[in-house]
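Take a look at the structure set out below.
The values are calculated or read from the model by the stated rules, or taken from the named source; none is laboratory data. Model, not experiment: these values are computed from the prediction. Here the Cβ positions follow ideal geometry from the backbone for every residue, glycine too, while neighbour counts run over all protein chains shown.
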Amino acid sequence: MYTSYWNLRASPFLNADDETFLYPSEQLQEGVARLFYLIDQERIAGMVTGPYGVGKTFLLSCLVRRTQKLKLPLIRFDAIPQGGLPMARHILRQIGVEDDVPTLADALMRLQQHCLDGGRNLVRHVLFIDEAQYLSDGDGLYLVHFLCNLRIRSAAGEKPLFTTVLSGTPSLARSVEEYESLRRRIQLAWSLDPLSREQTIEYVQQHMRAAGGDIWAFSREALDEVHRLCGGIPRSINNLCDTSLMLGYAAGARAITPDIVREAAEDTGLAPSSPDSNRPSAVPAP
């Protein structure tokens with residue numbers, strides 16, 4: 001709706017998995033590089049953690065795209081609370097093993113037997129589990145621990161049946177820390193932190209540039225306000241900036257100002273509504 005008004009080719013702040021709008025922060029790039037090393041070098045497991053909306057799922061998507069170039073079979077899903085059995089069944093199905101098992105114990109025994117019977121026909125899979133903080137609810141962490149123990153054995157040696165990458169909130173790191181046998185199998189733990197003030201500015205301007213717009217459609221003061229209200233969380237930045245562009249269009253503004261950003265923050269729940277928030281927008285037209 002607002003794209004033509006701001007001379008944009010597309011909406012620049014959709015929460016979508018689109019590398020066109022990738023902001024390659026050093027932390028994101030290094031996390032992808034390190035975790036991909038684990039995959040490429042046939043290691044057992046790695047983990048990325050960070051607050052909601054910081055970009056963990058996007059990091060996983062970058063890893064998936066790089067892993068696809070290795071022609072390795074991928075399994076990707078979100079963890080579910082108390083979901084040990086359905087997750088194990090899903091893994092069995094993805095590796096071509098019958099999944100008609102009544103219990104988690106039966107599923108694990110079938111996986112183990114698959115390793116013993118498979119011989120040279122076994123293929124290493126890369127397993128991506130997002131929302132992995134929910135693994136601590138039920139038998140999920142034990143399932144991952146069990147998967148880490150499965151091996152492909154051959155005359156040339158052995159390698160893991162699964163290289164597993166977990167992604168979750170900081171509570172995942174705390175849960176793994178308390179589960180010593182799994183913690184010792186995690187060969188890399190990477191933390192993804194919110195963007196700094198300068199990174200937030202670069203992030204917003206990179207998205208505007210990628211959509212063909214003016215990088216100074218948001219004034220410097222407005223960009224500072226975006227960082228203050230969002231705390232450097234990309235998903236919140238997207239929501240706030242998208243709403244700001246819509247409000248700026250509705251007001252006929254020449255640029256996004258701090259007042260527009262604050263009004264957008266009320267609309268998106270990033271800031272409490274003022275007592276007179278039901279009145280018409282106070283953002284002035286130019």
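Each row is one residue, and each column tells you yes or no for (1) among the hydroxyl-bearing types (Ser, Thr, Tyr); (2) more than 17 Å from Leu161 (Cα to Cα); (3) under 16 Å from the mean Cα position of the chain (by Cα).
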| position | (1), (2), (3) |
| --- | --- |
| Thr3 | yes, yes, no |
| Asn15 | no, yes, yes |
| Glu19 | no, yes, yes |
| Asp40 | no, no, no |
| Leu60 | no, yes, yes |
| Leu92 | no, no, no |
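Which condition from (1) under 19 Å from Trp190 (Cβ atoms); (2) modelled with pLDDT of 95 or more is the one that Tyr5 breaks?
(1)
Output yes when any residue across the stretch 164-179 is acidic (Asp, Glu) and either out of contact with any strand residue (DSSP E or B) (no Cβ under 7 Å at 6 or more places or on another chain) or buried (at least 16 other Cβ atoms within 10 Å of the Cβ) (or both), and no when none is.
Within the stretch 164-179 (the criterion being acidic (Asp, Glu) and either out of contact with any strand residue (DSSP E or B) (no Cβ under 7 Å at 6 or more places or on another chain) or buried (at least 16 other Cβ atoms within 10 Å of the Cβ) (or both)), the answer is yes, since at least one residue qualifies.
Return the total of residues in the stretch 176-217 being closer than 16 Å to Ser236 by Cβ, touching a Gly at 6+ places or on another chain (Cβ under 9 Å) and either part of a strand (DSSP E or B) or free of Cβ contacts under 8 Å to residues at least 60 places away in the same chain (or both).
Qualifying residue count for the region: 3.
Which condition number does Tyr52 fail, the rest of (1) more than 18 Å from Gly213 (Cβ to Cβ); (2) touching a Leu at 6+ places or on another chain (Cβ under 6 Å); (3) outside any helix (DSSP H, G or I) being met?
(2)
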